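The values are calculated or read from the model by the stated rules, or taken from the named source; none is laboratory data. The model shown is predicted, which means the values in this text are computed figures rather than measured ones. Every residue, glycine as well, gets a Cβ built from its backbone with ideal geometry; the counts of neighbours run over all protein chains shown.
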Amino acid sequence: MGHIPPTLLAETADGLLICVPESMQNEKAKDVFAAIARMVAAAYAPKGVVLVLESWMRRARLGETEVAMLPPSQSPDREEVVILQAEGPNSRATAILAIQRDWNGKFTGFGSLDIPQFDQMAGRFTGIFPPKPLSEEQREMARTALRLIGVKPQHFNPQWN
């Protein structure tokens, strides 16, 4: 089966930065990755960022209460999706793509979902940009903090591909 690692893409003055966590197996790891994404946005002042996240979702149904309380990953009618959460200093956009698999579970492509458009999104992976522009001194402090915790975002080199 295919797997998409959680990925942060940040378009900076020096080029595209890519940050992929080692693991997101629990809630703490997810919170840490969200905090690191915010720190990268603070440290490198990107033009924009995109978070790529593989997830489970469950559609809400009228009148259901018991099943709706289950996390989507435990729901019997869950759907496997990829979420593309894009943010700029003053804008946000979200796309949710259905993961399509054949009868054997092999990835065959992405499909669209018949879901309403969102006016806004909320959650740990939103609000990545600082609320106001940071000074160069503040950005350097953020870069130092990232180095101290061992985060080394990599610049994408199109020559490698």
Original post:
When you go through (1) charged (D, E, K, R); (2) under 30 Å from Lys132 (Cβ atoms); (3) buried (at least 17 other Cβ atoms within 10 Å of the Cβ) one by one for Asp14, which number turns out not to apply?
Top reply: (3)
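Of everything in the stretch 69-95 that's outside any strand (DSSP E or B) and among the hydroxyl-bearing types (Ser, Thr, Tyr), which residue is nearest to Thr7 (Cα to Cα)?
Ranking the candidates gives Ser73 first.
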**OP:** Spot the failing condition for Pro5; the list is (1) over 12 Å from the mean Cα position of the chain (by Cα); (2) free of Cβ contacts under 8 Å to residues at least 60 places away in the same chain, and only one is missed.
**Re:** (1)
Subject >> Residue list for the stretch 115-130, filter: modelled with pLDDT of 80 or more and more than 22 Å from Leu16 (Cα to Cα) >> reply: Arg124
**OP:** Could you look through the stretch 13-32, keep only residues that are touching a helix residue (DSSP H, G or I) at 6+ places or on another chain (Cβ under 7 Å) and in contact (Cβ under 8 Å) with a residue 60 or more places away in the chain, and pick out the one that is nearest to Arg139 (Cα to Cα)?
**Re:** Leu17
Original post:
Filtering the stretch 33-64 down to residues that are under 23 Å from Glu137 (Cβ atoms) and among the charged types (D, E, K, R), which residue is surrounded by the most Cβ atoms within 10 Å (Cβ to Cβ)?
Top reply: Arg38
Original post:
Cβ-Cβ below 7 Å, separation at least six or inter-chain, first residue in the stretch 136-161 and modelled with pLDDT under 70 and assigned to a helix (DSSP H, G or I), second of a type outside the set (A, V, I, L, M, F, W, C) and surrounded by 11 or more Cβ atoms within 10 Å (Cβ to Cβ): which pairs?
Top reply: none
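Can you say whether Gly123 is without any contact (Cβ under 8 Å) to a residue 40 or more places away in the chain and under 26 Å from Thr12 (Cβ atoms), as far as the supplied structure shows? First the steps, then the outcome.
Values: without any contact (Cβ under 8 Å) to a residue 40 or more places away in the chain: yes; under 26 Å from Thr12 (Cβ atoms): yes.
Taking the combined requirement at face value, the residue satisfies it.
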Original post:
Can you name the residue in the stretch 79-111 that is loosely packed, with under 11 Cβ neighbours inside 10 Å and of a type in the set (D, E, K, R) and, of all such residues, is farthest from the chain's Cα centre (by Cα)?
Top reply: Asp102
